[in-house]
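**Student:** I have a structure here, written as structure tokens, and I will follow up with some questions on it.
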Amino acid sequence: MGSRIMTSGRVAVARLDHGADLLVEVMRVASDTEFKTAEFHAIGALQRARLSFYDQTAKTYDEFVLDEPLEIVSLLGTVTRRDGAPAIHAHAILAGHDGSTHGGHVNPGCIIFAGEVVMHELLGAAPERELDAVTGLPLWGNV
Ligand code: ZN
């Protein structure tokens, strides 16, 4: 385990565009605000979703599609760096019409119906993702 101290910076609030891809929109917020490192949360609704579950034995992501209107009960994530470029990592809990929920790692292909995000800038040296041999995941290597 490693850790580092970062400090809180600015806070951005943004409305997510109808019909846009969720991850693209979150990246747009980070880009527009010039937040190099951030954590964010969002609520809203999706027209459809594409999530995945990480198989810890096979070390592969198993993707699944939810092709229905969904509430974003909770979306949490970080903006850090991978190979020097911004990298978003987000997980979501989504609810269908009957209130049943699904959750997982957010992939491209989550299409926004409506949404709002609050993004908190973190100041200090940005964590860099690098491939972790034990888990097979791109984890923060320099914390
Ligand atoms: Zn994940």
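The values are calculated or read from the model by the stated rules, or taken from the named source; none is laboratory data. In this text, all values refer to a predicted model and were calculated from it rather than measured experimentally. All Cβ positions, even for glycine, are placed from backbone atoms using ideal geometry, and neighbour counts span all protein chains on display.
**Student:** Would you check which residues across segment 84-113 are more than 16 Å from the ligand (Cβ to nearest atom) and more than 15 Å from V29 (Cβ to Cβ) and list them?
**Tutor:** G84, A85, A95, G96, H97, D98, G99, S100, T101, I111, F113
**Student:** Go through the residues of segment 58-65 one by one and say whether even a single one is farther than 16 Å from A20 by Cα and either modelled with pLDDT under 95 or in contact with an Asp or Glu (Cβ under 6 Å, 6 or more places away or on another chain) (or both). Don't jump to the end; show me each part of the working.
**Tutor:** Taking segment 58-65 first, the residues farther than 16 Å from A20 by Cα are 58-65.
Now restrict to residues that are either modelled with pLDDT under 95 or in contact with an Asp or Glu (Cβ under 6 Å, 6 or more places away or on another chain) (or both): 62.
Looking through segment 58-65, at least one residue is farther than 16 Å from A20 by Cα and either modelled with pLDDT under 95 or in contact with an Asp or Glu (Cβ under 6 Å, 6 or more places away or on another chain) (or both).
**Student:** Note down all Cβ pairs under 6 Å where the first residue falls in segment 121-136 and is at positive phi, the second is not in a strand (DSSP E or B), and they're at least six residues apart or on different chains.
**Tutor:** Pairs found: G124/M6; G136/K59.
**Student:** Same structure again: May I ask you to verify whether G103 is of a type outside the set (A, V, I, L, M), surrounded by fewer than 17 Cβ atoms within 10 Å (Cβ to Cβ) and at positive phi? Spell out how you get there, then give the answer.
**Tutor:** Details: of a type outside the set (A, V, I, L, M): yes; surrounded by fewer than 17 Cβ atoms within 10 Å (Cβ to Cβ): yes; at positive phi: no.
When the stated conditions are applied, G103 does not pass them.
**Student:** Further question on the same structure: Taking the condition farther than 30 Å from M1 by Cα, assigned to a strand (DSSP E or B) and within 15 Å of the ligand (Cβ to nearest atom), does R129 pass? I'd like the intermediate steps shown before the answer.
**Tutor:** On the way: farther than 30 Å from M1 by Cα: no; assigned to a strand (DSSP E or B): yes; within 15 Å of the ligand (Cβ to nearest atom): yes.
When the stated conditions are applied, R129 does not pass them.
**Student:** Consider only pairs whose beta carbons are under 6 Å apart and that are at least six residues apart or on different chains; among these, list those whose first residue lies in segment 2-29 and is on the phi < 0 side of the Ramachandran plot and touching a residue at least 12 places away in the same chain (Cβ under 8 Å) and whose second residue is exposed (fewer than 13 other Cβ atoms within 10 Å of the Cβ) and of a type in the set (G, A, S).
**Tutor:** Between residues of segment 2-29 that are on the phi < 0 side of the Ramachandran plot and touching a residue at least 12 places away in the same chain (Cβ under 8 Å) and residues that are exposed (fewer than 13 other Cβ atoms within 10 Å of the Cβ) and of a type in the set (G, A, S), the close pairs are M6/G124.
**Student:** Right, here's the next one. Quick one: what pairs do we get from segment 49-60, first residue outside any strand (DSSP E or B), second not aliphatic (A, V, I, L, M), C-beta under 8 Å, 6+ apart or different chains?
**Tutor:** Q56/T135; K59/T135; K59/G136
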